[in-house]
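A.B. asks: My structure is below; once you've seen it, I'll send some questions.
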Amino acid sequence: MTFMNQMFFFMAYSMTLGAALAMDAFSVSIADAMRESNMRKRRMCAIAGVYAAFQFVMPLTGYLCVHTIITIFSAFQKLIPWIALLLLGYIGGKMLFEALSGKVEEDSAGKKRTLFLQGIATSIDALSVGFTIADYSIKKALAASAIIALVTFAICITGLLIGKKAGKTLSGRATAVGGIILIAIGIEIFIKGVFF
């Protein structure tokens, strides 16, 4: 296989992996923007950037674990679906409570904390990608993680744009719908991780 063919397959594989890993972040981006339908471009880039950063770090962390502390990582991997379910269930439940009670959290620290937890919850399954890229060199693993992050950023921006439009259409119900979406994503990650 020529160098160009190898590069093409590497790029195609990394982009496909990035798209698959970004689907949870895409759905959460929709929910985020539904909740905040007047979101500015700077905040959209910050949200997509956080999800992309987590999608960059998690595969690399998995890669490093495979090459160093594989037994600990293997034990931790069983907890991934539970962690995602708890984090997204908590955030989604909180959004539902806010929608039903009329009390919406608007402070900056709360938004940052929520975004951080969402970033972890939507990217934690990317730790297992470390197994799929275990035979890569560190440079190749960094390149694959960077491609995954760029794909995630683009997909999340798309999700935020869709969510903004949906949020304006749903108006007052957007926070409740966003909460339901987050809980559903947590349940989906849990079912996939535990039963499949």
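A.B. asks: When the Debye formula is applied to the Cα atoms of the chain, each taken as the same point scatterer, what base-10 log of I(q)/I(0) results at q = 0.15, 0.18, 0.19 Å⁻¹?
C.D. replies: -0.88, -1.16, -1.26
A.B. asks: Counting other Cβ atoms within 10 Å, which trypsin sites (Lys or Arg not before Pro) in the stretch 45-141 have at most 11 and lie in a DSSP loop?
C.D. replies: Answer by residue number: K78, K103.
A.B. asks: For the chain, give the magnitude of the charge dipole about the Cα centre (Cβ charges: +1 Lys/Arg, -1 Asp/Glu; no others), in debye to the nearest 20.
C.D. replies: About 520 debye.
A.B. asks: In deg cm²/dmol, rounded to 500, what helix-only [θ] at 222 nm does the chain give when every DSSP H run of at least 4 residues adds -39500 (n - 2.57) and the total is split over its residues?
C.D. replies: -29000 deg cm²/dmol
A.B. asks: Residue by residue, what Karplus-based ³J(HN,Hα) values in Hz, rounded to whole numbers, does the stretch 47-60 have, using 6.51, -1.76 and 1.60 with θ = phi - 60° and x for Gly and Pro?
C.D. replies: Result, rounded to whole Hz: 5, 4, x, 5, 5, 5, 4, 5, 6, 6, 6, 5, x, 5.
A.B. asks: I need the phi-derived Karplus couplings for the stretch 82-88: 6.51 cos²θ - 1.76 cosθ + 1.60, θ = phi - 60°, integer Hz, Gly and Pro marked x.
C.D. replies: 5, 5, 4, 4, 5, 5, 6
A.B. asks: Output ³J(HN,Hα) for the stretch 114-123: one whole-Hz value per residue in order, computed from phi by the Karplus curve 6.51 cos²θ - 1.76 cosθ + 1.60 with θ = phi - 60°, and x for Gly and Pro.
C.D. replies: Couplings: 4, 4, 4, 5, 5, x, 5, 4, 7, 10 Hz.
A.B. asks: Leaving out ligands and nucleic acids, and using a 1.4 Å probe, what accessible area per residue does the chain come to in Å²?
C.D. replies: With all protein chains present, the chain gives 53 Å² per residue.
A.B. asks: Got a number for carbon plus sulfur as a percent of the chain's accessible area, 1.4 Å probe?
C.D. replies: So the carbon and sulfur contribution to the accessible surface is 72 percent.
A.B. asks: Counting only Cα, what are the radius of gyration and maximum Cα-Cα distance Dmax of the stretch 48-148, in Å?
C.D. replies: Calculated on Cα positions, Rg and Dmax stand at 16.1, 52 Å.
A.B. asks: Measure out, as a whole number of angstrom, how far apart the alpha-carbon centroids of the stretch 118-152 and the stretch 1-38 sit.
C.D. replies: 11 Å
A.B. asks: For E36, enumerate residues with amide H under 5 Å from its amide H, sequence gap 5+ or separate chain, H modeled in the peptide plane.
C.D. replies: Here nothing satisfies the definition.
A.B. asks: Work out the count of Lys pairs in the chain where the Cα-Cα distance is under 27 Å, with the pair 8 or more places apart or on different chains.
C.D. replies: Going through the chain pair by pair, I get 28.
The values are calculated or read from the model by the stated rules, or taken from the named source; none is laboratory data. On a predicted model such as this, the values are computed, not experimentally measured, just so you know. Quick reminder, even Gly has a Cβ in these numbers, built from the backbone with ideal geometry, and neighbours come from all protein chains shown. The accessibility values were calculated without ligands, DNA or RNA, using every heavy atom of the protein model including side chains. Shrake-Rupley method; radii C 1.70, N 1.55, O 1.52, S 1.80 Å.
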